[in-house]
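Comments concern the structure below.
Just so it is clear, none of the values below were taken in a lab; they were calculated from the coordinates. The model shown is predicted, which means the values in this text are computed figures rather than measured ones. Neighbour counts are summed over all protein chains in view; Cβ atoms, including those assigned to glycine, are modelled from backbone coordinates with ideal geometry.
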């Protein structure tokens, strides 16, 4: 009897819920109601005196999960941080968007009255180029892109080549076998640019250095990165650098286990293991935050924008771990100088012929 | 009479219950279930554009479900719709990219190629089973991975868009797109093709001798053998057709929705197709309805994660619960069970 | 040469350990006549439980135990749904995978984001201790299946439940035991993947291993050593795929990544002749009165 009663009660609750849907759902389109519902308490209409930014609505598109501790999370944090400075502005994001839904999601935000649409990653660029033409009043930002489009699409590159170059230099100065392992996730635009950078950086230090690239085919399966590192060791590699999202954790841990050296990329990976003695940080979060703020202010430049060392996006960490003192002072200065050069606006690509 | 009404009531009860559990989860993570469901509902059915988007998803899902159902009716378990979709999509794209000719003709040939490509990929599973006794569950799962990497290679290599570094082909010219059938929306002729496929499935199963034979094989191999129906032949035929419909789904997805081949485009459609087949009891009408339900949950789920702070995993969870609860048949199995117990206590 | 073969084998064994646990769990269920397509879902639940409990109790073994418990409960639930409601097992398995992925992702977001296990399993002679346990379990499973009463009963249930029931043994009870034990083993495989190999949980980290495990079991003709063989074949393919990439093969990396799957299919074809599924596999059992 109890069971029946409980079930009946729960059914009633659901029915009443659905009745609620029908009542208001029919009259308003999802965007309007949805956007409003998602506002943080206290966000809207509380700004006395300040300009009200409640007409600013930011839609963020991610291909990974918003808490991956890496690439996608950076963007989510950045968009939230930027919006927080502008009372009333709202941010909503879609994560793990499959390639089949790139365009429809982008149009969905546009049709729903979102004013800034940030798509995070080169994979979105084609969709952004297409959809941005249909919505000239909306500001589109696509990160990690190698181009943009007038008048309303900004493509931002976070100096992925610089990142790889500095990785390659650090690796080449440390390696004894003259074989460097580079672990990437997938053979996509940004990872290719990074691997090119690693090769260029290594050859800049020592033309005899060989860079072996291995792709894991996955962004989250760290075991695969471990297997990749293990295979690299068999080829005589004694130092590894990785750019593979959450997968990269496995690479550092495996270097620890196998006694290889490691150079981190993107985030501070010296924290992940003893073998990682320096990390070249690519602070996409900072870059996105700046870009979103500019978009809110209306000052963002359409077209292609590169943000590297000079924008504070590319930085070097301190030396750490068990190989912290491996590089000579002279070598450390060389690395620092290269970073300084790119900070001063020198294109590192021009250093190697 | 009672039976008829409970047939409708049962799934509805199960769906409602799944949403109830889902709303508890939403409350748990500190969001408002009511407004979440409102966004979900209007994301799926709120406007003609949204309804069309739902039906577009329904098209691919139902065809993928048909693939599972076709094999299932022959007693085979086809987990390989995803891979077959990929190969179908690849075949259709190759036709569009390299075949000269009027748009209409090319599209028809591309659809045929899609069907055939998927069918051959499916047939391979049948051959491995008949020839080597290789279990189809495993070969289909393995071939999914193989197809996925094959597509990845193709769109990053030989047929990659030369002007882009993204893992995709060029956008097809619009003469090669499937026609839109509802002005102002993205609903395309593939939807009609899907309905035709379901009709074909129904006629084949219940109005033709081969369809009847195939079902006998599905129900009892030995009985079929006694009746002189070849289990091997039917296995090959069923896998060919199952692969074909999945391939058609892939072809329609590229010709009608994406207008290009891209990496990862069939991910999840395979397993969602199984859900469609199962909720629809491998019956054409049932699969049409469950295709709409899951299509709606897909587009509604997208709206939820686009416009609210509820993560998409919650919608995934609700979808999974819908499947489990419909499977359990909450109403008849739980409620009636309780009734029975009550009856028993009265008697006892 | 010998060195590189040894290192190849060592790598293969080390990385195959989680898969071996999962495959053994699947084996136990399949032998009793229950198709476990839901191993993926049970495994990911084990992954999350392992990390969370290890983090709080600061002991990887307790984390593994908790993962076994939770995943074992899910195994029981699976068993209950299959045995009491006679739900199509394949489909329920698929649904379980969806539940597992949705549930762990939601819980991870809500409560455990970025949690680190903090400690891990010890190792012995270069291999983590669970690797030895897994191999021990293969032997134990063989003994149990062929030399002990429960194993013989279990296999009979998978072959002909009616006969088993007719001699006064409860089919349901045996299948429930198989589900609980199978779920627990799958769960430990998950816990070992997250805490033993990685020390943290990442969403969807199982990456299809539940299905590979199923393939290994079928490949191994539902015997413990055969299952071990299946796991190793896949392991060879996987290890080879990275060795080939690192060795600078002239072919695209996608084909290297395809290798383990193709190899498994080929091996399956080579060894599947005369393979026989447990006769009652996937068939719901209805007690006749």
For the stretch B:51-104, just run the numbers: alpha carbon Rg, then divide by 2.2 N^0.38 Å, N being how many residues it has. 1.44
Would you kindly calculate the mean projected area, averaged across all directions, of the convex hull enclosing the Cα atoms of the stretch A:160-289, in square nanometres? 6.8
Sort the following peptides by mean Cβ neighbour count (other Cβ atoms within 10 Å, averaged over residues), highest first: A:175-181, A:276-282, A:71-77. A:276-282, A:71-77, A:175-181
Report Rg/Rh for the stretch A:280-353, rounded to two decimals, where Rg is the Cα radius of gyration and Rh the Kirkwood radius. 1.09
Please average, across the residues of B:67-74, the number of beta carbons from any other chain that are within 10 Å of each residue's own beta carbon, and give a whole number. 1
If you take the square roots of the eigenvalues of the alpha-carbon gyration tensor of the stretch C:134-289 and sort them as a ≥ b ≥ c, do you get rounded (a/c under 1.5), prolate (a/b over b/c) or oblate? prolate
What is the calculated FRET efficiency for residue A:85 to residue C:2, with r their C-beta to C-beta distance and R₀ = 60 Å, to the nearest 0.05? 0.40
Overall form of the stretch C:1-71 per C-alpha gyration tensor (a/c, 1.5; a/b vs b/c): oblate
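Using a 10 Å cut-off on Cβ to Cβ distances, tally the other chain neighbours for every residue of A:101-113 and report the average as a whole number.
Values: counts 9, 3, 4, 8, 4, 0, 3, 9, 2, 0, 3, 4, 0.
Mean shielding count: 4.
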How tilted is helix C:149-159 with respect to the longest principal axis of chain C? Cα atoms for both, answer in degrees (0 to 90, nearest 10). 80
Cα-based Rg (one decimal) and Dmax (whole number) for chain C, in Å? 19.0, 66
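Which order do the peptides B:245-251, A:80-86, A:320-326 come out in when sorted by mean C-beta neighbours inside 10 angstrom, highest first?
On the way: B:245-251: 35.3, A:80-86: 18.1, A:320-326: 15.7.
Going by the mean number of other Cβ atoms within 10 Å, highest first, we get B:245-251, A:80-86, A:320-326.
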Restricting to the protein assembly as shown, compute how many DSSP beta bridges are antiparallel as a %, nearest 5. 20
Can you report the principal axis dimensions of the stretch A:207-353 using only the alpha carbons, biggest first, rounded to whole angstrom? 52, 37, 30
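So what is the 222 nm mean residue ellipticity for chain B from helices alone, if each DSSP H run of at least 4 adds -39500 (n - 2.57) and you divide by all residues, rounding to the nearest 500 deg cm²/dmol?
Numbers: 14 runs with 256 residues, N = 348.
One gets -25000 deg cm²/dmol as the mean residue ellipticity at 222 nm.
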Calculate, axis by axis, the spread of Cα positions in the stretch C:78-223 along the three principal axes, and write the results as whole Å, longest axis first. 53, 40, 25
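Over chain B, what is the mean sequence separation of C-alpha contacts under 8 Å (at least six apart), divided by residue count, expressed as relative contact order in percent?
Details: 599 pairs, mean separation 124.8, N = 348.
For chain B, the relative contact order is 36 percent.
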Counting just the Cα atoms, what span does the protein assembly as shown cover along each of its three principal axes? Round to the nearest Å and put the largest first. 87, 71, 63
Using alpha carbons only, how many angstrom separate the centre of the stretch C:205-257 from the centre of the stretch B:241-298? 28
Nearest 10, in degrees from 0 to 90: the angle of helix C:89-107 to the longest Cα principal axis of chain C is 50
Let me know the Rg and Dmax you get for chain B when you use only its Cα atoms, in Å. 21.6, 79
Is there a simple number for the mean count of other chain Cβ atoms within 10 Å of the Cβ of residues in C:203-209, and what is it? 5
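Could you order peptides B:304-316, A:141-153, A:302-314, C:132-144 by the average number of other Cβ atoms within 10 Å of their residues, highest first?
The most tightly packed comes first, giving B:304-316, A:141-153, A:302-314, C:132-144.
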Quick one: angle between helix C:2-31 and the longest Cα principal axis of chain C, in degrees between 0 and 90, rounded to 10, please. 20
Calculate the radius of gyration of the Cα atoms of the stretch C:96-178 to one decimal place, then report Dmax, the largest Cα-Cα distance, as a whole number, both in Å. 19.8, 53
